[in-house]
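The structure under discussion appears below in the form of structure tokens.
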Amino acid sequence: MEMPSEPPSGDRWAEAAPALLMNLRVLSPHQIELAKLLLSEGQSHLFSHWSDPGVEDERKINLFEQVARLNRSYPGGLAAYIRNARRLLADSKSGANPFDGFTPSVPSGEVLTFGDDNFMNLEEIGLKEVRRAAFILVAGGLGERLGYKGIKLSLPREITTGSCFLKHYVDSILTLEEASNRLVEDEERKKIPLVIMTSDDTHQATIHLLESNFYFGMEPTQVVLVKQEKVACLQDNDASLALDPADKYKIQTKPHGHGDVHALLYSSGLLKRWQKEGLKWVLFFQDTNGLLFKAIPASLGVSASRGYHVNSLAVPRKAKEAIGGITRLTHTDGRTMVINVEYNQLDPLLRASGYIDGDANSETGFSPYPGNINQLILEIEPYVQEVSKTHGAIAEFVNPKYKDSTKTSFKSSTRLECMMQDYPKTLPPSARVGFTVIDTWLAYAPVKNNPGDAAMVPKGNPYHSATSGEMAIYRANCLILRKAGVQVADPVIKSFNNQEVEVWPRVTWRSKWGPTFSEVKKKVRGECSITQKSTLVIDGRDVYLEGLSLDGSLLVSAVDGAEVRVGGSFHNKGWNLEHVDYRDEAISEELRIRGFRFERLEQVKMNYPEPGSYSLKP
């Protein structure tokens, strides 16, 4: 990252902004130095209106307080930001190819098959390792794009139980923590840290969600919030900082991207602290992928067994599918990197490199370049070494929307952005960077599109909506049970919010019941079956399905220490799926964005609040 040069000495700097010179009395010595910095970087337009009559001094001071925050929060300060912006904007205007000189090839990685011996062995390895991991949840956005006014972490992951995403994530981490500590009982029990990256939009709401739910069972000291600052907007190709249209004594700002998480972990001192405490892994994940934790143990097992410094979680990807591909790039000067290449760049890059068919499927029916899902596992030692050099700064890009083909002016202000998954771009050739491919149905069902946008997705492509995200959870659970030997009815196709989805039996369980496939297999005994109309909810670690035949709704809850054997034939009317019109404002947003709700006609609900041995039969 470029560092700022010294501002001009003497008073010559003020000649560019006489209106500012008239107001020096209101600025502190530190703020005057910031003014010099801005003027040395060609930002005198920020003060052209400072001679306007009747403007309170407080507004001018507030501007410099904002400038100080922007300068402090960006590696290298505002001067570095402006210079980086000028360089990237010049490249954008000239149409520079970011991959010039690079040749793509397929990197090495591990492709897993769910449920086979290798998968279960890797789960076991990962389970032992996870007590030495820290989890980083990148959650800086609101749910507005989904049609949901709250923060995305408070959105129900599924409405069968109503548990929100953050509760599920904390449950999953605590489950892995307990299971991992059980495997090494002779060693000190460890608490797994959870860091949540927030923004101005989400910070207070995230604190409220945690505190009002008593941190969902996690100790408050385990959870750390690091807040991402926004960056200054740019109004032209000269990287002139843009003033807020609603307040010309305020610089317009926008989010910088989730790549800021690396700088925040560095500046907070958390990485070095974890290193001293003996942690080995840092796992990054996004805020609305309700399936991810089913893939964590095996993926961490891959990192440990292969010695990966960086492990990108991925899913099988169809050629030209709108998801980035994990790619090895080799430069003519010998540099190599394994990174995500966006789908709209991968095909032309391959064709330009002599691959006549471009991004094409292999004999497997999928592209050899696996689909990036923005979940990373990093080994902490080399990670600390790298961010100590860069202070966590990540390679940036700019994406201005030009008014016309001359590329001389913008339709609206732009800003520099960075992506978490671009971390490997700066790594040395000796870095061991790979990937782990997991079946999409097991690992990837993000919730990010509102009903209207989802309905416009071309047929056959994933909707990535609240509708598809919830149905994917039931599908994954049913397929896992099938693999464990349960006879689960086939799905039916239904349409909700103009999205055709597979509707499987509504099966869900708390993480503690089945953190790994081996655990699920242990808890399924005898011949079990679940019909299409059924709903099964398991909330308890020691619940065993022994010859269960379910045709209806069954909800079982048990405290730790309560062993419950569930068997026999349960028949009732169950829960009916009702359509909901997403335009009906009389219905809650949580239901509208899904397009359905449950009519609870009949059910069996059993709770076991005391430890002991129990048998549940009709």
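Each value in this text was obtained by applying a stated rule to the coordinates, not by laboratory testing. Note that this is a predicted model, so its numbers are computed, not measured. Cβ placement follows ideal geometry from the backbone for every residue including glycine, while neighbour counts extend to all protein chains displayed.
Relative contact order for the chain using alpha-carbon pairs under 8 Å, separation at least 6, rounded to a whole percent? Please list the in-between numbers first.
Numbers: 1279 pairs, mean separation 85.1, N = 618.
Worked out over the chain, it gives 14 percent.
Rounded, prolate or oblate: which fits segment 92-448, taking a ≥ b ≥ c as square roots of the Cα gyration tensor eigenvalues, rounded meaning a/c under 1.5, else prolate when a/b beats b/c?
Working: a/c = 1.64, a/b = 1.16, b/c = 1.41.
Since a/c reaches 1.5 but b/c is at least a/b, the shape of segment 92-448 is classed as oblate.
Considering only DSSP beta bridges with both partners in the chain, what is the antiparallel share in %, to the nearest 5? The partial results should precede the final answer.
Numbers: 43 of 98 bridges.
Of all bridge pairs located within the chain, approximately 45 percent are antiparallel.
In whole Hz, what ³J(HN,Hα) sequence does segment 350-359 give by Karplus (6.51, -1.76, 1.60; θ = phi - 60°), x for Gly and Pro?
For segment 350-359, the Karplus curve yields 5, 5, 5, 9, x, 8, 4, 7, x, 7 Hz.
Kirkwood Rh over Cα pairs of segment 452-616 into Stokes-Einstein at 4 °C, 1.567 mPa s: D in µm²/s? Please report the intermediate quantities before stating the final value.
Numbers: Rh = 16.8 Å.
In µm²/s, the coefficient is 77.
Just want to confirm a number: the relative contact order over segment 203-362, from Cα pairs under 8 angstrom separated by 6+ residues, in percent.
Reported as a whole number, the value is 10 percent.
Ordered by residue, what ³J(HN,Hα) values in Hz, to whole numbers, does segment 18-26 give under the Karplus form 6.51 cos²θ - 1.76 cosθ + 1.60, where θ = phi - 60° and Gly and Pro are x?
Taking θ as phi minus 60°, the curve returns x, 5, 5, 4, 5, 10, 4, 4, 8 Hz for segment 18-26.
Looking at segment 97-198, which trypsin sites (Lys or Arg not before Pro) are in a loop (DSSP not H, G, I, E or B) and have at most 11 other Cβ atoms within 10 Å? Let's see the in-between values first.
Numbers: sites: 128, 131, 132, 145, 149, 152, 157, 167, 182, 189, 190, 191; in loops: 149, 157, 189, 190, 191.
Answer in residue order: 149.
Which value, in debye to the nearest 20, gives the size of the charge dipole of the chain about its Cα centre, when Lys and Arg are +1 and Asp and Glu are -1 at the Cβ? Don't skip to the end; give the middle numbers.
On the way: 72 positive and 77 negative charges, 59 e Å.
That gives a dipole near 280 debye.
Taking amide H positions as placed in the peptide plane 1.01 Å from N, state which residues far from residue 449 in sequence (5 or more) or on other chains have amide H under 5 Å from it.
Here the answer is 465, 466, since their amide H atoms fall under 5 Å of that of residue 449.
Sequence neighbours fewer than 8 away in the same chain don't count; with that in mind, list the lysines whose C-alpha is under 19 Å from residue 573.
Cα-Cα hits under 19 Å: 533, 605, 617.
I'd like the Karplus ³J(HN,Hα) series for segment 193-202: coefficients 6.51, -1.76, 1.60, θ = phi - 60°, whole numbers in Hz, and an x wherever there's a Gly or Pro.
In residue order, the calculated couplings are x, 10, 10, 10, 7, 10, 9, 4, 6, 10 Hz.
At 0.36 nm per residue, minus the direct Cα-Cα distance, what do residue 118 and residue 529 gain on full extension? Give it in nm, one decimal, please.
Numbers: separation 411, 0.36 × 411 = 147.96 nm, distance 2.71 nm.
Result for the pair: 145.2 nm of gain on full extension.
Would you please give the FRET efficiency between residue 584 and residue 487, computed as 1/(1 + (r/R0)^6) with r the Cβ-Cβ distance and R0 = 60 Å, to the nearest 0.05?
Values: r = 38 Å, r/R0 = 0.63.
Once the sixth-power term is evaluated, E becomes 0.95.
Give the separation of the Cα centroids, segment 290-346 to segment 550-568, in Å.
39 Å
With r as the distance between the Cβ atoms of residue 615 and residue 221 and R0 = 51 Å, compute the FRET efficiency 1/(1 + (r/R0)^6) and round to 0.05. Don't jump to the answer; show the numbers that get you there.
On the way: r = 40 Å, r/R0 = 0.79.
Given R0 = 51 Å and the Cβ-Cβ separation, E is 0.80.
Excluding residues on the same chain fewer than 8 positions from residue 403, give the lysines whose Cα lies under 24 Å from its Cα.
93, 248, 254, 411
Based on the Cβ-Cβ distance from residue 498 to residue 276, what FRET efficiency comes out when R0 is 56 Å, to the nearest 0.05?
Numbers: r = 53 Å, r/R0 = 0.96.
Between residue 498 and residue 276 the formula returns 0.55.
Please identify the longest segment of the chain free of exposed GluC sites (Glu not before Pro), where exposed means a DSSP state other than H, G, I, E or B and no more than 10 other Cβ atoms within 10 Å. Mind dumping the intermediate values first?
Numbers: sites that count: 56, 185, 187, 188, 363, 585.
In the chain, the maximal stretch lacking such sites is 364-584.
Roughly how many whole Å is it from the C-alpha centroid of segment 165-181 to that of segment 65-88?
38 Å
Under the 0.36 nm per residue contour assumption, what length would be gained going from the current alpha-carbon distance of residue 213 and residue 267 to full extension? All intermediate terms of the calculation are to be shown ahead of the outcome.
Working: separation 54, 0.36 × 54 = 19.44 nm, distance 2.89 nm.
Result: 16.6 nm gained on full extension.
Once you charge only the Cβ atoms, +1 for Lys and Arg and -1 for Asp and Glu, what is the size of the charge dipole of segment 12-73 about its Cα centre, to the nearest 20 debye?
Working: 7 positive and 8 negative charges, 34 e Å.
My answer is approximately 160 debye.
Average the reciprocal distances over every distinct pair of alpha-carbons in the chain, invert the result, and give the Kirkwood radius in Å.
Values: mean 1/r = 0.0375 Å⁻¹.
The Cα-based Kirkwood calculation yields 26.6 Å.
Note down the relative contact order for segment 138-279 as a percent, whole number, built from C-alpha pairs under 8 angstrom at least six residues apart. Could you put the intermediate results ahead of the total?
Details: 160 pairs, mean separation 28.0, N = 142.
After rounding, I find 20 percent.
Taking a ≥ b ≥ c as the square roots of the eigenvalues of the Cα gyration tensor of segment 59-160, is the shape rounded (a/c under 1.5), prolate (a/b larger than b/c) or oblate? Present the calculation step by step, with values, prior to reporting the outcome.
Numbers: a/c = 2.24, a/b = 1.43, b/c = 1.57.
Verdict is oblate for segment 59-160.
With the Cα gyration tensor of segment 347-462 giving a ≥ b ≥ c as the square roots of its eigenvalues, does the rule (a/c under 1.5 for rounded; else a/b larger than b/c for prolate; else oblate) give rounded, prolate or oblate?
Values: a/c = 1.43, a/b = 1.06, b/c = 1.34.
Rounded.
Kindly provide the helix-only [θ] at 222 nm of the chain, computed as the sum of -39,500 (n - 2.57) over DSSP H runs of four or more divided by all residues, to the nearest 500 deg cm²/dmol?
On the way: 17 runs with 177 residues, N = 618.
When only DSSP H runs of four or more count, the value is -8500 deg cm²/dmol.
Based on a Kirkwood Rh over C-alpha pairs, give the Stokes-Einstein translational diffusion coefficient of segment 12-73 at 25 °C and viscosity 0.890 mPa s in µm²/s. Spell out each step's value before the answer.
Values: Rh = 11.7 Å.
In µm²/s, the coefficient is 209.
Output the pairs from 167/483; 36/448; 272/523; 389/448; 128/230 with a Cα-Cα distance over 32 Å in this structure; if there are none, say none.
Numbers: 167/483 27 Å; 36/448 43 Å; 272/523 40 Å; 389/448 34 Å; 128/230 38 Å.
Listed pairs above 32 Å: 36/448; 272/523; 389/448; 128/230.
Quick query: amide H of residue 134 versus all other amide H atoms, modeled in the peptide plane; which residues come in under 5 Å with a sequence gap of 5 or more or a different chain?
Those qualifying (amide H under 5 Å, at least 5 residues apart or on another chain) are 281, 282, 283.
With charges only on Cβ, +1 for K and R and -1 for D and E, what is the dipole size of segment 452-616 about its Cα centre, in debye, rounded to 20? Display every interim value, and only then the final one.
Details: 22 positive and 22 negative charges, 98 e Å.
That gives a dipole near 480 debye.
For residue 601 paired with residue 65, estimate the spin-label separation in nm (one decimal), with each label point 7 Å from Cα along the Cα-to-Cβ line.
6.1 nm
Please give every one of the aspartates and glutamates within straight-line cross-link reach of residue 294, meaning a C-alpha to C-alpha distance under 14 Å, and leave out same-chain neighbours fewer than 8 residues apart.
Here the aspartates and glutamates satisfying the reach criterion relative to residue 294 are 123, 124, 171, 439, 519.
Taking amide H positions as placed 1.01 Å from N in the peptide plane, with prolines and chain starts having none, which residues 5 or more places from residue 544, or on another chain, fall under 5 Å of its amide H?
The answer is 564, 565, 566.
Taking segment 185-294 on its own, what percent of its Cα-Cα pair distances exceed 24 Å? Provide the component values of the computation, followed by the final result.
Working: 2589 of 5995 pairs.
That fraction is 43 percent.
Between residue 408 and residue 28, what is 0.36 nm times their sequence separation minus the Cα-Cα distance? Round to one decimal in nm. Can you show the working numbers first?
Working: separation 380, 0.36 × 380 = 136.80 nm, distance 3.71 nm.
Gain on stretching residue 408 to residue 28: 133.1 nm.
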